[in-house]
Amino acid sequence: MPYTVRFEPWGTVVECTADQTLLDAARMAEIPVGAVCSGRGTCGKCQVHILTEPAPPPVQVELTTVAASVLERGFRLACMHKVDGDLTVEILPIISHGKGEAPPLERSFEMAPAVRRQAVTLEPPHLDRPVDDGSNLLGALAASGGAIATEIDYRVAQQVPEVLRSADWQVVVSVSGASAPWTGEIVGIRPAAQAAPPLGLAVDLGTTNIAAYLYNLRSGNLLGVFGAANPLASYGADVLSRLVYAQRSPENGARLQRTLVKALNLLIEHAAKTAGCSPADLEEMTVVGNSGMHHLFLNLPPRQLIHAPYVPATRRAMSIKVRELGIAIAQGAYVYMPPLVGGFVGSDLLAVALATRIDRKPGVRLALDIGTNTELLLSVDGRLFSCSTASGPALEGAALRFGSVAGAGVVDRVWLNPFDASFSYRTIRGKPAVGICGSGIVDALACMAKAGIFSLSGRMQAGQPGVVAAADGDHRFVLVPAHATGLGEDLTISQHDVRAIQLAKGAIRGGMATLLAEHGLTVDDLDELLVAGAFGNHIEVESAQAIGLYPAIPRERIRQIGNAAGTGAGLMLLSTVERQAAEELSEQINYLELARHKRFTRLFAEGQRFPVT
């Protein structure tokens, strides 16, 4: 007998059988639920609020994974509960914040957006001049002395007769093209009296988080920065798990693509509302991401990407009508997908290269775009080399017992008091502690290393102050006692958490050492280490060096550059000249596949150890 599950506030209803979980139901409804452990009940991230009373009793794993006060309010792990009756479940939208940091790098560039608007006044047709509306519009546009179009988008053509007459033959048309004199396609039309500046969106499609930058395409002004959790986390924390799921069947691939687009549309709606406009005012998009996210977003076959020799379906740049992907902006608009570099090194690292101009600087410079999939770009006197390493989601606050994205009550700073070696911490907005984000966990581990709470191998020492021993060896260090949290229990860092960070930093340092060694270099030869990404922008460099995530080079050689991938995406949104530069740059980057290097395995293991403090 099928049961119905209704998801609020989405208003989506699906039918399920008794052998399916709430996580299965959410996936069928294409509603994002965090499940970085892929539904094994160990991460605690897929909490949903069961509104139907009484809520089912918690299962054993929830008693250790979810705080008792949270369980009392009707929250359960979606992956642990079978659908045994009609249910109403609340899953809040995934928008994580409504503003954020502007792209950090400012440099001159030529404003040349792919979409320009032109005011046009037409002569109405009459019996002595029975010209069709399309030809009339194209002719009037050519006579206006601005952009020239040779064709009209099909959906726009459907609107032309009504808009022309309702606007009394005075309209503004949007023309998409990439050369001067501007020749292209009419992708939008609106009455002149209603014409607002054209808008565009640059998107950094990260494995764990999505960042979107809303721009005025006429002035180049940044109107807002918006973020959301990547909804595909419900299919696994790492991109490989998602690709494996997608390649099992065409239906799976299509489901992941729709889920991702649904999240993007929520983000677009939120961005437009915040900026006081409509999603239809957005007439161009640029999207960058690693090769895996690129394939999932476009629903490209992933099989050849996840098996040797790890080649993408295509690495060339593409411009695609947004309606083909289901993106809810102006119907005639395009989404520009810059070229990939190769393997799992995607257009996000290309965007970093474009934003930093790393190829135009002398010396040895290394850029890290740290995330669940960390990409590395080495410049040796302008010659470019890249690789990618799976660092996992721990550094971004995921896959940890109390890991969280930044938000109210999340621990983002930890330090040792010099007089008594006790730990102090700071939470965002000063609220009671409810979790810990990436910058907080790096600080905490740096302090734990200095205090001798774990050994150089990362093994937590039973008997150390604050350490709660466990029979299974998963000892826990109490960072915030229960009375000071908003959880009703201690906020702890477990041995498992320490190991997760070790794996992440081992992958990054191993990739770094391997890439440098290919050219007879070591970290001591670095003239500059550029750290990109939201995580890299917020952590304390000293803490990162204390745990061995960053090399022990002089502090002045390390520069935090924020979301340079988002900056590069913005440059390509605002300038077709920059797009051309990026496409040329993609041909100059040499790709190194770490999987075929025996050296990497050894350096990965070495990178997991903590330095002597």
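The values are calculated or read from the model by the stated rules, or taken from the named source; none is laboratory data. As the structure is a prediction and not an experimental result, all values here were calculated from the model. Virtual Cβ from ideal backbone geometry, glycine too; neighbours counted across all protein chains shown.
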Quick one: Tyr310 ticks every box in (1) part of a helix (DSSP H, G or I); (2) crowded, with 16+ Cβ neighbours inside 10 Å except a single one, so which number is it?
(1)
Taking into account only those residues within the range 469-495 that are surrounded by fewer than 17 Cβ atoms within 10 Å (Cβ to Cβ) and modelled with pLDDT of 90 or more, which is farthest from Ala408 (Cα to Cα)?
Val478
Checking Tyr310 against (1) in contact with a strand residue (DSSP E or B) (Cβ under 9 Å, 6 or more places away or on another chain); (2) outside the structural domain of Leu243 (by TED's automatic domain parsing); (3) of a type outside the set (Asp, Glu), only one condition comes out false. Which one?
(2)
Working carefully through the options Met318, Met293, find the one that is touching a strand residue (DSSP E or B) at 6+ places or on another chain (Cβ under 8 Å), surrounded by 21 or more Cβ atoms within 10 Å (Cβ to Cβ), at pLDDT 95 or above and at negative phi.
Met293
Could you go through the range 530-537 and let me know if any residue there is touching a Leu at 6+ places or on another chain (Cβ under 7 Å), under 27 Å from Ala211 (Cα atoms), touching a residue at least 40 places away in the same chain (Cβ under 8 Å) and β-branched (Val, Ile, Thr).
yes
Within the group Ala444, Ala462, which residue is surrounded by fewer than 16 Cβ atoms within 10 Å (Cβ to Cβ) and at negative phi?
Ala462
State all residues of the range 464-521 that are in contact (Cβ under 8 Å) with a residue 60 or more places away in the chain, of a type outside the set (Asp, Glu) and assigned to a loop (DSSP other than H, G, I, E, B); if no residue qualifies, say none.
Gly486, Leu487, Gly488, His519, Leu521
Within the range 217-236, identify whether any single residue is within 16 Å of the chain's Cα centre (by Cα), of a type in the set (S, T, N, Q) and in a helix (DSSP H, G or I), and answer yes or no.
yes
Within the range 354-380, how many residues are more than 18 Å from the chain's Cα centre (by Cα) and not in a strand (DSSP E or B)?
9
Within the range 232-243, can one find any residue that is more than 18 Å from Ala390 (Cα to Cα), touching a helix residue (DSSP H, G or I) at 6+ places or on another chain (Cβ under 6 Å) and of a type outside the set (A, V, I, L, M, F, W, C)?
no
In this structure, does Glu123 turn out to be surrounded by fewer than 14 Cβ atoms within 10 Å (Cβ to Cβ) and in a strand (DSSP E or B)?
no
Residue identified as touching a strand residue (DSSP E or B) at 6+ places or on another chain (Cβ under 7 Å), crowded, with 24+ Cβ neighbours inside 10 Å and modelled with pLDDT of 95 or more among Val163, Val171:
Val171
Quick check on the range 248-260. Is at least one of its residues within 25 Å of Ala507 (Cβ to Cβ) and among the basic types (Lys, Arg)?
no
Turns out the helices (runs of 4 or more DSSP H) fully within the range 545-613 with at least 2 residues that are touching a residue at least 12 places away in the same chain (Cβ under 8 Å), within 22 Å of Asp525 (Cβ to Cβ) and in contact with a Ser or Thr (Cβ under 7 Å, 6 or more places away or on another chain) are 598-607
Return the pair list, or none, for Cβ contacts closer than 7 Å from residues in the range 404-431 that are under 20 Å from Ala482 (Cβ atoms) to residues that are part of a loop (DSSP other than H, G, I, E, B) and among the hydroxyl-bearing types (Ser, Thr, Tyr), at least 6 apart or on different chains.
Val410/Ser404
Any residue at all in the range 343-352 that's crowded, with 19+ Cβ neighbours inside 10 Å and among the β-branched types (Val, Ile, Thr)?
yes
Test of understanding: among Leu516, Leu573, Leu549, which residue is out of contact with any strand residue (DSSP E or B) (no Cβ under 6 Å at 6 or more places or on another chain), buried (at least 23 other Cβ atoms within 10 Å of the Cβ) and over 21 Å from Thr372 (Cα atoms)?
Leu516
Tally up the residues in the range 92-110 that are surrounded by 13 or more Cβ atoms within 10 Å (Cβ to Cβ) and modelled with pLDDT of 80 or more, please.
1
